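To keep things clear, I will list the structure first and then write my remarks on it.
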Amino acid sequence: MIIIEKLTKVYGEVRAVKKLNLEVYSGEIFGFLGPNGAGKTTTLRILTTLTKPTSGCVWIKGFDVITQPLQVKGEFGVVQQHLSLDRELTVWENMELHARLHHIGGVERRRRIAELLDYVELSQYANQIVENLSGGMKRRLMIARALIHRPKLLFLDEPTVGLDAQTRRRLWELIRRMNLDGATVFLTTHYIEEAEALCHRVGIIYQGQLIALGSPLELRQQVGMTTVETLSDNKDPDYHYFSDRAAATAYVQSLPPEVKTITTRDSNLEDVFVELTGRKVGDD
Amino acid sequence: MSPLLYLLAFGYGLGRGMEVEGVSYLEFVIPGIIALTAMTTSFNSAGMKLNVDRLFYKCFDEILMAPVSPLSLILGKSLIGVLRGLIVSLVFLIIGIAISPMKVSPLFILPLLLTCFTFSFMGVLAALLAKSHQDMATFSSLVLLPMTFLGGTFFSSSQLPQALKVILYIIPLTHSSQCLRAVTLGQPFPWLSLLAIVGFGLAFFVGCVMVLRRASV
Ligand SMILES: Nc1ncnc2c1ncn2[C@@H]1O[C@H](COP(=O)(O)OP(=O)(O)O)[C@@H](O)[C@H]1O
Ligand SMILES: [Mg+2]
């Protein structure tokens, strides 16, 4: 579905993306996980034709994104990280404009807008000015808008950032449903739980480089399925990784008594990130 | 609003009893003010909303990601300026006729329409290049304001020394004023000026296409 080769983007002194190689398969939910400033949005902007790369190639469904932007543009839907609605227009008018831009005519247009507003539960707000909607509603409208031309590929840039837990879960449901309905989803996130709960495969990006790639399970297996946290006085916790509980328990029993707090738990993607970078995803 | 003030200040205030090129100053200045109106209305209508859409609402990105060619995109963004420019300058034309009878032929509409297109393209170009809202205001005061006073609206180029004439002729608005004025005063139509308007318009349009093609950042 998407093939990225040696993709590099340089902004002045900043190397936002470095020699990125990646393939996203048809039908999957792929998660691009990384801290703020890792290069997620930059990559997404290149994939969606908004930014030209410094070097490297991208193909979407066989079209070259850099030389055939017009062919590529009809193939995907995008929900950007920042709000990108015309706030002077109503919910319906935003949808209408986008439908026209995608050359969807007359009756079909009205039918699809009504259907999609229903899908994201915004039907009763159709005639509201966007400015007056809540954050979660604006997000849902952006998703509905991205679906108007029934794209088989969806880009979602930090779709749930800034939303409360309940709205986030509803959005996850929506994303799963869209995936079941046949859409390939490429999403970025800096939430560990989001990548784990939602994505079939995860690529971890850090300082513009892809440092790990695989299913959440595979990635956890790489560091070890069980994590032991030990805490000595006045220090950050130390993490120790083990392939299974038995090995972890053996280790804990062998520890000297001055090592204080000890937790034994399943490893998660945060551990993968810490192991690879020495930092937490949430650190800036 | 400002064209009405110009009309009051320059047409009535300054110009009473004055004559330029053998006609009353009022007759001279009204077609110039219509050209000026077309310029500012078209530029602002096409430029301001695009500027806000691009930098504040960010919804211009969405249009850039839709399967629409740069050509139709620029044309679409300009048409709002053309439409508003035409409406406002036609309203002003009617006011002008009421104040001082003028000759108006179909040939009046052609340069007016082209003027609206040219300055709409210019507005779109400025909005595409602007990195902030301030940039638009700066562009207005650095480009539009000097054009307002130098663009052949308020005085005749025939009174100027040669060196200044050259400056006048590289200003697009001068050519619009001259075309409109020639029609209302019943003088021979300056086809070369019409060509110049088209030339400026094409240049701005090509500029827009190039900015969109480059479309990095
Ligand atoms: N338009 C730009 N101009 C200059 N630097 C930029 C621009 N966009 C992003 N960057 C830089 O590139 C890096 C990656 O940013 P970004 O792709 O937005 O990260 P993320 O989306 O993962 O938070 C950051 O260091 C950021 O400051
Ligand atoms: Mg980002």
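Worth a mention:
- Comparing B:Gly152, B:Gly76, B:Gly32 in a Gaussian network model of chain B where C-alpha atoms under 10 Å apart are linked, the largest mean-square fluctuation is found at B:Gly76.
- Whole-percent carbon and sulfur share, accessible surface of segment A:220-277, 1.4 Å: 47
- Given charges at beta-carbon only (K, R positive; D, E negative), |dipole| of segment A:84-150 in Debye: 220
- Radius of gyration and Dmax over the Cα atoms of segment B:15-84, both given in Å: 18.8, 59
- Based on alpha-carbon atoms, the Kirkwood radius and the radius of gyration of segment B:1-120 give Rg/Rh equal to 1.11.
- Using just its DSSP H runs of length 4 or more, each adding -39500 (n - 2.57), the protein assembly as shown gives a mean residue ellipticity at 222 nm of -16000 deg cm²/dmol after division by all residues.
- Inter-part distance where segment A:1-55 and segment A:190-243 are each reduced to a Cα centre, Å: 21
- Computed over protein heavy atoms with a 1.4 Å probe, the accessible surface of segment A:105-214 works out to 41 Å² per residue.
- Here segment B:82-217 is treated with +1 on each Lys and Arg Cβ and -1 on each Asp and Glu Cβ, and its dipole about the Cα centre works out to around 120 debye.
- Peptide A:43-51, shielding by other chains (average Cβ, 10 Å cutoff): 2
- Taking the accessible area of chain B, probe 1.4 Å, and keeping the other protein chains in place, the carbon and sulfur fraction comes to 74%.
- Tilt relative to chain A, helix A:165-180 - C-alpha long axis, 0 to 90 degrees, to 10: 70
- Chains B and A, summed buried accessible surface - 1.4 Å probe, Å², nearest 100: 2000
- Centroid-to-centroid, using Cα positions, segment B:1-75 and segment B:133-153 are 11 Å apart.
- Protein accessible area in segment A:84-150, 1.4 Å probe - carbon and sulfur %: 48
- Centre separation in Å (Cα based) which lies between segment A:248-269 and segment A:59-92: 48
- Shape of segment B:40-194, Cα gyration tensor, a/c cut at 1.5: prolate
- Reach of A:Lys19 by Cα under 20 Å, taken over aspartates and glutamates that are not fewer than 8 positions away in the same chain: A:Glu5, A:Asp64
- In this structure the amide hydrogen of B:Thr153, modeled in the peptide plane, comes within under 5 Å of no amide hydrogen from residues 5 or more places off or on another chain.
- Within chain A, the percentage of alpha carbon pairs spaced more than 36 angstrom apart rounds to 24%.
- Helix A:245-254 and the longest principal axis of the Cα set of chain A meet at an angle near 40°.
- Heavy atoms of A:Tyr119: accessible area, 1.4 Å probe, square angstrom to 10: 50
- Occluded residues from segment B:27-65, i.e. those whose accessible area drops by 10 Å² or more once the chain is not alone (1.4 Å probe): B:Lys49, B:Phe56, B:Tyr57, B:Lys58, B:Cys59, B:Asp61, B:Glu62, B:Ile63, B:Leu64, B:Met65
- Pairs spanning more than 31 Å between alpha-carbon atoms, out of A:Lys6/B:Lys77; A:Lys52/B:Lys49; A:Lys18/B:Lys58; A:Lys6/A:Lys138; A:Lys18/A:Lys152; A:Lys18/A:Lys235: A:Lys6/B:Lys77; A:Lys6/A:Lys138; A:Lys18/A:Lys235.
- Nearest-20 debye value, the protein assembly as shown charge dipole, Cβ charges on Lys, Arg, Asp, Glu: 1380
- Stokes-Einstein D (µm²/s) once Rh is taken as the Kirkwood radius of segment A:220-277 over alpha-carbon pairs, at 20 °C in 1.002 mPa s: 185
- Interface residues in segment B:186-217 - accessible area drops by 30 Å² or more relative to the isolated chain, probe 1.4 Å: B:Ala215, B:Val217
- Accessible area per residue in Å² at 1.4 Å probe, computed on chain B: 44
- Dimensions of the protein assembly as shown along the principal axes, based on C-alpha atoms and rounded to the nearest Å, stand at 109, 51, 40, largest first.
- When the alpha carbon coordinates of segment A:84-150 are projected onto the principal axes, the ranges are 29, 21, 18 Å, largest first.
- Antiparallel bridges, percent of DSSP beta bridges restricted to the protein assembly as shown (to nearest 5): 65
- Degrees separating the helix B:25-55 axis from the principal Cα axis of chain B, which is the longest one: 10
- Calculated P(r) tail over 19 Å for segment A:98-191, as whole % of Cα pairs: 42
- Within segment A:61-99, the residues that become at least 50 Å² less accessible when every protein chain is included than when their own chain is isolated (1.4 Å probe; DNA, RNA and ligands ignored) are A:Leu70, A:Lys73, A:Asp86, A:Arg87, A:Glu88.
The values are calculated or read from the model by the stated rules, or taken from the named source; none is laboratory data. Remember, it's a predicted structure, so these values are computed and weren't measured experimentally. Cβ sites come from the backbone with ideal geometry, for glycine too, and all protein chains shown count toward neighbours. Ligands, DNA and RNA are excluded from the accessible area calculation, which covers all protein heavy atoms including side chains. Shrake-Rupley method; radii C 1.70, N 1.55, O 1.52, S 1.80 Å.
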